[in-house]
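S.K.: This is the structure I have questions about; it appears just below.
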Amino acid sequence: MYRGRLKRDLALWVEKQLIGQDVADALLRDLDSRRSSFSISGVLMILAAVLIAASILLLIAANWQEIPRLVKIGGIVALIWIFYGLAAISFARGADRLGGALLVLGAACFGGAISLIGQLYHLSGDAFDAMLLWFAMTVLSAAAFRSAALTVMAGLLSFAAFGAFLDQFEGEWHALYGWWPVLASLVIGLLSAWTGAERARHFIYLLLLGWCGWLYSLWPEVGTAVAFAAVGLAAFVAVTLPMSPVSRMLGGLGAGPAFYSLVLALLGLGLLHLEWTDGAGLALLGIVTIAVTLLALALDGRDNGAVRYLAYAVFAGEVLYLSFVTIDSMLGTSAFFLLAGLVVAVLAMVVVRLERLFAKRISEDRA
C-alpha cells in the first residue's frame, strides 16, 4: 500500500520536474531493499510454513498408537533442531525470508512438542500454561534471531493465550493472570523494537482493546465506559499535540498510537450510548461525541488518514443516529430518510471544505 502511494507520488513529482527519474528509481530501490518491504516470495514462504506447520500439528494431534513414545518425542525434538539449524544457515547466507519461514516451522514444532508430551504422559496442567510456555519460547527465539516473522507469531500466540485464559477461567478475573494482555503487550512492544517488526505493533493495540472489552464485560457500568473515553481521549491528545513530550517521544511509531487511542475513546462513548438512550444525557453525549471527532480532525486529520476517515464515519453516524432518535416518534420513517439525505449532503460539504483546508496546509508546509 505504501509502495503504491510512493510510486504514484514519485511519478507525479517526476512529471512536474521536481525530481529526476533516476532519483525516483533510487528511492524505490531503497524501499524494496529494506527487510520490511513487501515481497510475494516472502509471503508465499510464510504461507507454506504455516500450512506445513498445520500438517505437523495435526499429525501430532493424531497421537499414533503404533509409534513408540520415545520415537515420537525424538522426532519432534529433531524437527525443532533441524528447522532452527536450517534457519541459522539461511540467515548466514542472506536468505532472510526463507530463514523466517523456517523459524515459524521450528516454533510451531515446539508448540506441538508441548502438546505431544502432555498427551503421552498425561501431565497435569492447563491450556493457558501451555500457551504461556509456547509464547515465551517464541519470544526468546524471535529475540535471538531478531526475526520479524517470529515476532508476528508471538503476537498471534498472545491472543491465543488470552483466549485460553478466558476459556479456562470462564471469563472471570483470576489473580495476576488478568493482567496477561498488558504484560504481553509490553513484551511484544519491546520485541518489535528489537526485531524491527513495525507491523507487529498492531497486536499490542488490538490486544489492549480486547482487554478493555473484557473488562467492560466484568464491570458493565457507566464509570467503566467513562474511564475508557477519558483515557482514550487523553492518550490521543498526548500523542497528537505538537508540544506534547509524548508526541515527540512516540513520533517514530507512525499513525497507530493516535488511531487506536481514538478508537478507545470512541469505544467508551459508544458504550455510553447503550446507557443513555434519551433525554439530556443523550444530548450531552451526542455533543461530546461530535466534539471529539472534530478535535481528532483538527489535531491529526491532515496527516493521519486512518484517524480522518474514522472521525468522518463516527461524525456522520452520530448525526444520523441523533436525527433518527429525535424524529422517529414524530415524523415517521419517510421524514427520517429525507432528513438523512439532507444531513449527508451537509456532511459532504463539510468534508470537502476540510479536505481543501488540509490540502492548503500541505501546500503551505511545502512552500
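Since every read-out is calculated from the coordinates, none of them should be taken as a lab result. Owing to the predicted nature of the structure, the values given are computational and were not obtained by experimental measurement. Here the Cβ positions follow ideal geometry from the backbone for every residue, glycine too, while neighbour counts run over all protein chains shown.
S.K.: So if each residue of separation counts as 0.36 nm, and I subtract the Cα-Cα distance between residue 7 and residue 92, what length gain in nm does that give? Let's see the in-between values first.
M.R.: On the way: separation 85, 0.36 × 85 = 30.60 nm, distance 3.20 nm.
Between residue 7 and residue 92, full extension yields an extra 27.4 nm.
S.K.: Using Cβ contacts closer than 10 Å as the measure, can you line up 353, 302, 199 from fewest to most? Before the final figure, lay out the partial values.
M.R.: Details: 353 10, 302 19, 199 14.
In order of increasing Cβ crowding within 10 Å: 353, 199, 302.
S.K.: In which sequence would 278, 96 go, from the one with the fewest C-beta neighbours within 10 Å to the one with the most? All intermediate terms of the calculation are to be shown ahead of the outcome.
M.R.: Working: 278 9, 96 19.
The order, fewest Cβ neighbours first, is 278, 96.
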